[in-house]
Amino acid sequence: MQDPQQPPVFDPGPFKELMEVGGPELVHELCELFLTDTPNIIDELEAAVESEDWETMGRAAHTLKSSAFYLGALALSNLAKSIEVLAGDDPVAGAALAAEPRRAFVEVSGALTKACEELPPA
């Protein structure tokens, strides 16, 4: 059951807004980019933590936050936002969260893939 205090793993609202603005072709492309590029961004985030490069950790978290938000991956976006803020305020605490984005990505990727598969052909 979804914790009412936490954002949903996937919220179709932003996804539907993208459909209205750009149509299925744009949404298919953005989904493909998100599903392909996000693991690389998470790798960058984890590598930054390993090397204690807090600036890169914050930058990777910012990128992850924005791309996740626009496709409705709100739990991942909020997690990335927390890491981004902590990168500047308390980087060790941010580093402690660094393993979570990969888990959140795995959770949302199934829902996002399903939503993309249900779109009209591009």
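Derivation of every value follows stated rules applied to the coordinates shown; laboratory data play no part. Every value quoted in this text rests on a predicted model; they were computed, and no experiment measured them. A quick note on method: Cβ atoms are made from the backbone with ideal geometry, for glycine too, and the neighbour counts reach across all protein chains shown.
Considering only GLY13, GLY94, GLY58, give the residue with the highest GNM mean-square fluctuation for the chain, with springs between Cα atoms whenever their separation is below 10 Å.
GLY13
Output ³J(HN,Hα) for the range 65-82: one whole-Hz value per residue in order, computed from phi by the Karplus curve 6.51 cos²θ - 1.76 cosθ + 1.60 with θ = phi - 60°, and x for Gly and Pro.
Taking θ as phi minus 60°, the curve returns 4, 5, 5, 5, 4, 5, 9, x, 8, 5, 5, 5, 4, 5, 4, 5, 4, 4 Hz for the range 65-82.
Tell me, what ³J(HN,Hα) does each residue in the range 24-34 have, in order and in whole Hz, if you take phi through Karplus 6.51 cos²θ - 1.76 cosθ + 1.60 with θ = phi - 60° and put x for Gly and Pro?
My calculation for the range 24-34 gives x, 4, 4, 5, 4, 4, 5, 4, 4, 4, 4 Hz in order.
Name the residues of the range 65-81 whose amide N is less than 16 Å from a point 7 angstrom out from the Cα of GLU29 along the C-beta direction?
The answer is 71, whose backbone nitrogens lie closer than 16 Å to the label point.
At q = 0.16, 0.22, 0.23 Å⁻¹, what is the base-10 log of I(q)/I(0) for the chain according to the Debye formula with one equal point scatterer per Cα and no solvent? Please give it to two decimals.
Log10 of I(q)/I(0), two decimals: -0.72, -1.16, -1.22.
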